[in-house]
Amino acid sequence: MAELIAKSPCAGLLPVSVGALTLSEEDLGHLTTLAPFNGQAKVLSTALEAAHGMKLPAPGRSTGKAGNRAIWFGRDMVLLAGPAPDPSLAKYAALTDQSDAWAVVRLEGQGCEDVLARLCPIDLRSQTFKRGHTARTELRHMMASITRIGVNGFQIMVFRSLAQTLVHDLKTAMEAVAARG
């Protein structure tokens, strides 16, 4: 009988450094989507704050901090990243485990905005897209969630099956930005 070995989505692909830029895999812990039941968003926000210390984020935003973050994930959808959801949240929302579904990377360093400008159709410059802002957008030809986590840092999420393509596309853009410097 074959023994299966669990691997992360970017196993063997990361970390990568090009010039001042680094790309590394990030383990966000438990990932759970929260889809509020009709009319229950406010009470879910209160319950989320009581259970995990953060409210539901507004559209295009995230709340919390590393290890305990709520990320806007689309209309009437939030991704709880870090802790397992408190069971009391199930009274107000549909909870779906997404822990194995996503590849998550962190792009950091001077020029990270330039890297993403080559791949994304939205303005991710710091004067427009501030820390805590998040977007569901296209990254080259993949749908992604991009969250600014620092002055020169982004968290990027794509479906797990696209991990190799994500790393390839980001590395190619990192090399192009570094070559211009």
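Work out the FRET efficiency for GLU49 and HIS141 from their Cβ-Cβ distance, taking R0 = 35 Å, and round it to the nearest 0.05. About 0.40, to the nearest 0.05. Working note: Cα atoms of the chain, range along each principal axis, descending, whole Å: 55, 52, 25.
When the Cα positions of LEU170, SER8, PHE154 are compared along the charge dipole of the chain, PHE154 comes out farthest toward the positive end, with charges on each C-beta of Lys, Arg, Asp and Glu.
Among residues other than GLY150 with Cβ under 10 Å from its Cβ, the summed charge is +2 (Lys and Arg +1, Asp and Glu -1). The spread of Cα positions in region 44-113, taken along each principal axis and listed from longest to shortest, comes to 44, 24, 23 Å. Most tightly packed first, judged by the mean number of other beta-carbon atoms within 10 Å of their residues, the peptides 25-34, 86-95, 70-79 read 70-79, 25-34, 86-95. Provide the net charge surrounding THR137, with neighbours chosen by a C-beta distance below 15 Å and charges set as Lys +1, Arg +1, Asp -1, Glu -1. Net of charged neighbours comes to +3. Under the simplified labelling scheme, the VAL151-ALA90 pair shows an inter-label distance of 4.5 nm, with each label point 7 Å from Cα along Cα→Cβ. Taking a Cβ cut-off of under 10 Å around ALA117, the surrounding Lys, Arg, Asp and Glu residues balance to a net charge of -1, with basic ones at +1 and acidic ones at -1. Taking only the alpha carbons of region 1-98, we obtain Rg and Dmax values of 16.4, 50 Å in that order.
Taking the Cα atoms of region 23-69, the ratio Rg/Rh between the radius of gyration and the Kirkwood radius comes to 1.01. When the listed pairs LYS55/LYS171; LYS91/LYS171; LYS65/LYS91; LYS7/LYS65; LYS7/LYS42 are checked against a 32 Å cut-off, the alpha-carbon distance exceeds it for LYS55/LYS171; LYS91/LYS171; LYS7/LYS42.
At q = 0.14, 0.26, 0.27, 0.29 Å⁻¹ the log10 of I(q)/I(0) for region 1-53 amounts to -0.70, -1.07, -1.12, -1.19, computed by Debye summation with a single uniform scatterer per C-alpha, solvent ignored.
Each value in this text was obtained by applying a stated rule to the coordinates, not by laboratory testing. These figures come from a predicted structure and were not determined experimentally. Heads up, the Cβs are rebuilt from the backbone with ideal geometry, glycines too, and the neighbour counts pull from every protein chain shown.
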